[in-house]
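Everything below concerns the one structure shown next.
The values are calculated or read from the model by the stated rules, or taken from the named source; none is laboratory data. Since we're looking at a predicted model, the values are computed, not measured. Note that each Cβ is placed from the backbone with ideal geometry, even for glycine, and that neighbours are counted across all protein chains shown. When the accessible area is computed, the model is the full protein with side chains, heavy atoms only, and any ligands, DNA or RNA have been set aside. Shrake-Rupley method; radii C 1.70, N 1.55, O 1.52, S 1.80 Å.
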Amino acid sequence: MKLRGLIVAGIILAGLVATLYWSNHHKSADTTEASADVSPKILAVKEADISKFDLKKNGTEQVGGERNSAGQWHITSPTSLPADQSAVSSLLGTFSSLNSERLVEEKAGNLAPYGLDAPKLEVDLTEKANKTQKLLLGDDTPAGNGIYAKLDGDARVFTIPKYDKTSIDKSANDLRDKRLLTVDSDKISQVDLVAKKQEIAFGRNKDEWQIVKPKPLRADSSTVDELVRALTDAKMELDASDKGGSDDQKKAASAFAAATPVATAKVTAESRTLELQVRKSKEDYYAKSSAVEGIYKVPSTLGQALDKNLEDFRNKKLFDLGSEDPNKIEIHDGSKTHFLTRSGEDWWSGSAKKMDATSVDDLIEKLRDLSASKFVDSGFTAAVLDLIVTSNDGKRIEKVAISKAGDNYIAKRQNDPTLYQIDAKALDDLKKSAEDVKPATVPAK
């Protein structure tokens, strides 16, 4: 029995030793495999440290840029151009931490199998201390989702994701400033527009726009803001393969010369004025700017934004409330008078009764939305309704008198010669809303 027990114990011990051996051997293999899968970092250059870059495609200069003393980038080749700062920043941000997918070969003796003997793309980065690093990109990997890459002077060959190459492979047109008017919209104080055989000028006072030409008129500030945004966002449409200059420029210039004028806009900011001319040829729009050399094709949305007349920019609303709530409301409708005053969030009647907030809000919305269906030259007679709205903490008092004119009404603002025609339904709804304002419900005790 003792012998048999010893034999069983020996078999168990041998099994444990074998299992331990296999476990240690297996773990070592896993570690080796994991080590091989580590993705080494190819390049790590802080964007702020880069002072110059050059991109070459198939050995030919594609685009180069240099940072000036103010920290602004400028395109230096193939021709001198202002740079799109965000586009250059995005390009250089790729190199702040360029990781490989995998290490292909530790010491590559022959670069031809990877397309790195004659790189498809070469990037030279110069840092502040004139230290230069050169990144080489070669062929696609067999699977097609990666690119072979290496640093010049480093024998290792890596693969990087294809999207990294997309982020790096840029032309001068990708990186140039494509704006046609290089001006900050917040600094524009005046806009002049010639369109539809009309000359219109807008002046800005803080955040409010006013029409100053052909005569002083209230402007719809949001519509003028859209015009300003269209002008400052206006960009040239460029083919990335076009280096600026050549056949596309000649075609654009020829099309512009024969095209129909759509509009000419001038923007004035900080004592300088820039001009943009837009013309239409068939379904295409072309623009010429005083800020940028050349003539360029532009999106149709720019032409449509400028192709407006005076009426499109006039303020048709009777009150300049915007989104704010008034402080006081007075409505004189023949023998009836409605008087409301706001104190904090509460509204009170002339007889010091707290009023129902929902019914007052409905009246405010009717006043806020009261607009002209069109402008007229005559027709105002005796007022049948007077509206007085106080807002901006008592600093703005707007008075509107309204008279009957056939089936509609004519309104006139105090100190404003403009006559606003109002549809009968809009005024009837306003009057009904005023009648429906009621006292607040007293909570039951």
What is the P(r) of the chain, as percent of Cα-Cα pairs per 10 Å bin from 0? 4, 14, 15, 14, 13, 12, 11, 8, 5, 3, 2, 1, 0
Tell me, what is the per residue accessible area of the stretch 128-282 in Å², probe radius 1.4 Å? 53 Å²
For the stretch 56-177, the accessible surface attributable to carbon and sulfur atoms (probe 1.4 angstrom, ligands and nucleic acids excluded) amounts in percent to 44 percent
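Assigning unit charges at the beta carbon (Lys, Arg +1; Asp, Glu -1) and nothing else, what dipole magnitude in debye, to the nearest 20, does the chain show about its Cα centre?
Numbers: 66 positive and 70 negative charges, 66 e Å.
Charge dipole of the chain: 320 debye, to the nearest 20.
Applying 1/(1 + (r/R0)^6) with R0 = 56 Å to the Cβ-Cβ distance of Ser343 and Thr182, what FRET efficiency is obtained, to the nearest 0.05? Mind showing how you got there, number by number?
Numbers: r = 50 Å, r/R0 = 0.89.
Approximately 0.65, to the nearest 0.05.
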What's the whole-number percent of alpha carbon pairs in the stretch 203-292 lying beyond 22 angstrom? 41 percent
Rank-order 59-67, 412-420 by packing density, defined as the average count of other C-beta atoms within 10 Å over each peptide's residues, highest first. 59-67, 412-420
So how far, in whole Å, is the C-alpha centre of the stretch 332-392 from the one of the stretch 37-65? 66 Å
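With N residues in the stretch 231-364, what two-decimal value do you get for its Cα radius of gyration over 2.2 N^0.38 Å?
Working: Rg = 26.2 Å, N = 134, 2.2 N^0.38 = 14.1 Å.
Dividing the Cα Rg of the stretch 231-364 by 2.2 N^0.38 Å gives 1.85.
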Using packing as a proxy for protection, rank 132-141, 103-112 so that the peptide with the highest average count of other Cβ atoms within 10 Å comes first. 132-141, 103-112
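What is the calculated FRET efficiency for Gln72 to Ser300, with r their C-beta to C-beta distance and R₀ = 25 Å, to the nearest 0.05?
On the way: r = 32 Å, r/R0 = 1.27.
Result of the calculation: an efficiency of 0.20.
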From Cα coordinates alone, what are the radius of gyration and Dmax values for the stretch 302-418 in angstrom? 16.4, 56
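Note down the net charge around Gln190, summing +1 for each Lys or Arg and -1 for each Asp or Glu among other residues with Cβ under 15 Å from its Cβ. Show your work: numbers first, answer last.
Values: positive: Lys187, Arg204, Lys206, Lys213, Lys266, Arg272; negative: Asp184, Asp186, Asp192, Glu199, Asp207, Glu208, Asp225, Glu270, Glu275.
Within the 15 Å Cβ shell, the charges total -3.
What does the charge add up to near Ser96, with Lys and Arg as +1, Asp and Glu as -1, over the other residues with Cβ less than 14 Å from its Cβ? Each step should come with its number before you reach the end.
Values: positive: Lys41, Lys46; negative: Glu47, Asp49, Glu127, Asp164.
Once positives and negatives cancel, what remains is -2.
Quote the FRET efficiency, to the nearest 0.05, computed for Lys213 versus Asp407 with a Förster distance R0 of 30 Å and r equal to the Cβ-Cβ distance. Walk me through the numbers on the way to the answer.
Details: r = 34 Å, r/R0 = 1.14.
E(calc), rounded to 0.05, equals 0.30.
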Rough spin-label spacing in nm, given labels placed 7 Å along Cα→Cβ, for Val384 and Ser97: 7.2 nm
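I want to verify the translational diffusion coefficient of the stretch 360-402 in µm²/s; compute it with Stokes-Einstein, Rh as the Kirkwood radius over Cα pairs, at 20 °C and 1.002 mPa s. Don't jump to the answer; show the numbers that get you there.
Details: Rh = 12.4 Å.
So the translational diffusion coefficient is about 173 µm²/s.
What does the charge count near Lys206 come to, summing +1 for each Lys or Arg and -1 for each Asp or Glu among other residues with Cβ under 14 Å from its Cβ?
Working: positive: Lys187, Arg204, Lys395, Arg396; negative: Asp186, Asp207, Glu208, Asp225, Asp320.
Combined, the nearby Lys, Arg, Asp and Glu give -1.
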Testing the spin-label approximation: label points 7 Å from Cα along Cα→Cβ at Asp139 and Ser167. State their distance in nm. 2.6 nm
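Suppose accessible area is computed on protein heavy atoms with a 1.4 Å probe; arrange Thr182, Thr232, Thr337 from highest to lowest.
Final ranking, largest accessible area leading: Thr337, Thr182, Thr232.
State the extension gain, in nm to one decimal, for the chain segment bounded by Lys131 and Ser351, taking 0.36 nm per residue of separation less the distance between their alpha-carbons. Show your work: numbers first, answer last.
Working: separation 220, 0.36 × 220 = 79.20 nm, distance 8.19 nm.
71.0 nm is the gain from fully extending Lys131 to Ser351.
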Pseudo-spin-label distance Asp369 to Asp325, built 7 Å along Cα→Cβ, given in nm, is 1.9 nm
